[in-house]
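Here is the structure we will look at, set down as structure tokens.
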Amino acid sequence: MPGNNNATSPGSLPSLSALAQQDRVKPDEMPIGQILGNGQFKLMELVQNHPALGLTYNAINQKGDGFIVKVDAEANLLSFIRSEAGFLQAVNKAGKCEFFVEFIHGAKFKSWIYFVARFRPGPSINDCWCSSPSGKLTVGSASRVAYFYFKAIEVVHSLGYLLRRVDPNVIKFDASTRQIYLSDLSSIRLDPSKLQMELPAKWAGAPIYAPLVHHQGKPHSTRSDLEPVIYLLVEMTVGQLPWEGTPPDLLGSVKRRSVTKQTLFNDCPPQYAAIYQYISLLGDSDKIEFADIYSKLEEVWKSAGIKKVDDQFDWEERMKKFEQ
């Protein structure tokens, strides 16, 4: 998938993400086998060492249950791990863990800060999608993936945050509960408009999914979180976006032309364009009527013969064959 693009436009205020990288302290790696949380968690494997996001480990408890541990240097006061941990704790209090990973524990240890989240087994939507011989998902499955993604965004916004990213690699299918959820919230930020902050939020995901305001150098808002989900929905449905492979300096204009001429929605159910039109007409301060979006998506999957939102997804039959 394309890499993140978090650059600020010339003359604009720096984003909080940009400030977080100034004078950033690189955390030392914790040794494998390190015990954390008063003897509760044992580090088993370093799975990521990211220059901006810190360290990520697989861990287990004494029962052998799996966990994810995210670590950063305590000196990084604007650490992404601090914001992700704060958001996940708010999710716990709101009782909305089904759309995310569950925060279990967080603390300071020597020169590190860290938090522990419960591991949820299952493939990413990117894995499910790539396993399809046609290179795409049926509209019955694609529309329900988008439905759960919008559900997650609704929770994010209700807690005063912005998501700022779409990435099919971190949209996961929990094989135990059959729930679609987000496994990584490192892009999460407090919504500056709710805090009357002058520091603008910026898009933090791949440019191919970026909202049009990103290409115009404008700040990211709640509306900007919705638009990229439609791009992902179209891509899952038809196999690729019309601007795939476009040079970065032309991406914004090609994207705008595809939307304006409605060629983006060729071979898609009409509800896709209707949802996009609703989103595009929203003002930054307008209330988002998520129920209207859910209703349109439900029309899509029901017209495809799917009766309930939790009916079998495309990839589940392939998973069964693989397990056999």
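Worth a mention:
- Sole residue being part of a loop (DSSP other than H, G, I, E, B) and either in contact (Cβ under 8 Å) with a residue 12 or more places away in the chain or closer than 17 Å to Phe148 by Cα (or both), chosen from Leu226, Leu264, Leu233, Leu282: Leu282
- Test: Lys136 is in the same structural domain as Gly64 (by TED's automatic domain parsing), farther than 11 Å from Phe313 by Cβ, surrounded by fewer than 20 Cβ atoms within 10 Å (Cβ to Cβ) and out of contact with any Leu (no Cβ under 6 Å at 6 or more places or on another chain): no
- In the range 243-261, the residues that are assigned to a loop (DSSP other than H, G, I, E, B) and touching a residue at least 24 places away in the same chain (Cβ under 8 Å): Trp243, Glu244
- Filter pass, Ala90 being at pLDDT 95 or above, aliphatic (A, V, I, L, M), out of contact with any strand residue (DSSP E or B) (no Cβ under 7 Å at 6 or more places or on another chain) and outside any loop (DSSP other than H, G, I, E, B): yes
- Residue in the range 189-197 that is crowded, with 18+ Cβ neighbours inside 10 Å and under 27 Å from Trp129 (Cα atoms) present: no
- Among the residues listed as Ser131, Ser111, the single one being out of contact with any Phe, Trp or Tyr (no Cβ under 8 Å at 6 or more places or on another chain), surrounded by fewer than 16 Cβ atoms within 10 Å (Cβ to Cβ) and among the polar types (S, T, N, Q): Ser111
- Only one entry in Arg318, Arg257 is surrounded by fewer than 16 Cβ atoms within 10 Å (Cβ to Cβ) and not assigned by TED's automatic domain parsing to the domain that holds Cys130, namely Arg318.
- Meets criteria (at pLDDT below 95, hydroxyl-bearing (Ser, Thr, Tyr) and under 25 Å from Ser79 (Cβ atoms)) for Ser193: yes
- The set of residues in the range 277-315 being of a type in the set (Ser, Thr, Tyr) and either surrounded by 12 or more Cβ atoms within 10 Å (Cβ to Cβ) or modelled with pLDDT of 95 or more (or both) consists of Tyr278, Ser280, Tyr294, Ser295, Ser303.
Rundown of residues vs (1) among the aromatic types (Phe, Trp, Tyr); (2) closer than 22 Å to Leu162 by Cα; (3) over 23 Å from the mean Cα position of the chain (by Cα), yes/no style:
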residue: Lys218; (1), (2), (3): no, yes, no
residue: Leu241; (1), (2), (3): no, no, no
residue: Ser258; (1), (2), (3): no, no, yes
residue: Ala304; (1), (2), (3): no, no, yes
residue: Asp310; (1), (2), (3): no, no, no
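- Taken as a whole, the range 216-225 holds at least one residue that is within 22 Å of Ala90 (Cβ to Cβ), surrounded by fewer than 20 Cβ atoms within 10 Å (Cβ to Cβ) and of a type outside the set (A, V, I, L, M).
The values are calculated or read from the model by the stated rules, or taken from the named source; none is laboratory data. Every value quoted in this text rests on a predicted model; they were computed, and no experiment measured them. Using ideal geometry, Cβ is built from the backbone for each residue, glycine included, and neighbour counts are taken over all protein chains shown.
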